[in-house]
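Derivation of every value follows stated rules applied to the coordinates shown; laboratory data play no part. Nothing here was measured: the structure is a model prediction, and the numbers come from that model. Using ideal geometry, Cβ is built from the backbone for each residue, glycine included, and neighbour counts are taken over all protein chains shown.
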Amino acid sequence: MEKLNIKEKQLLPSRTVFHGIVPGLSCSPIGKIKIDVIFGEKNHFRREAIWFEVVDLEIPYHVLLGWPALARFMAVPHYAYLKLKMPGTKGIITIAGDYEKSSTCAAASSRLAESLVIAAEKKLLDRVVAMTGKQPNMSPEPKQSETQGSFQPAKETKKIPLDPGHPERHAIVGTNLDSK
């Protein structure tokens with residue numbers, strides 16, 4: 001904000017929440033502001049006022065243009081070529097990205113995401129360790145009653161043969177079932 005000479009009191013309240021910028025985390029902007037954006041060159045440009053959500057995040061990017069901004073400019077991003085094309089008054093305006101800067105930002109973003117995910121996993125692991133410390137110790141050899149299933153059939157049952165050639169294959173059904 002300092003580089004753009006924007007004061008915090010100029011920001012308007014925002015109700016937006018961002019998900020997915022940093023894996024597993026969400027964040028709320030500190031405010032929003034409308035700024036005139038100009039794409040192109042002196043003799044061939046496009047100017048629009050865009051609302052920007054101002055977020056206090058440690059990310060390598062300075063601006064993330066979302067779908068609302070791209071729709072406003074009727075812009076088409078070409079991610080593989082790091083190009084953005086949009087209509088202008090004198091034809092198509094093409095904005096080219098910087099491969100070296102993009103690679104640097106991607107590497108920094110990857111390191112940041114990895115450190116945040118590791119911190120979240122460590123926190124989860126600490127919680128699991130704390131929970132296991134609270135549980136009673138299990139005996140190494142379970143009793144006979146613990147190894148059997150807890151389901152016991154009703155006393156009024158009968159065996160129905162499934163295959164006449166194999167009497168050991170049968171189903172057990174209750175005798176007091178309704179015929180429907």
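Any idea which residue in segment 9-18 is farthest from residue 55 (Cα to Cα), counting only those that are surrounded by 10 or more Cβ atoms within 10 Å (Cβ to Cβ) and not hydrophobic (A, V, I, L, M, F, W, C)?
The residue in question is 10.
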Taking segment 64-119 as the search range and keeping residues that are more than 22 Å from the chain's Cα centre (by Cα) and β-branched (Val, Ile, Thr), which one is farthest from residue 48 (Cα to Cα)?
-> 104
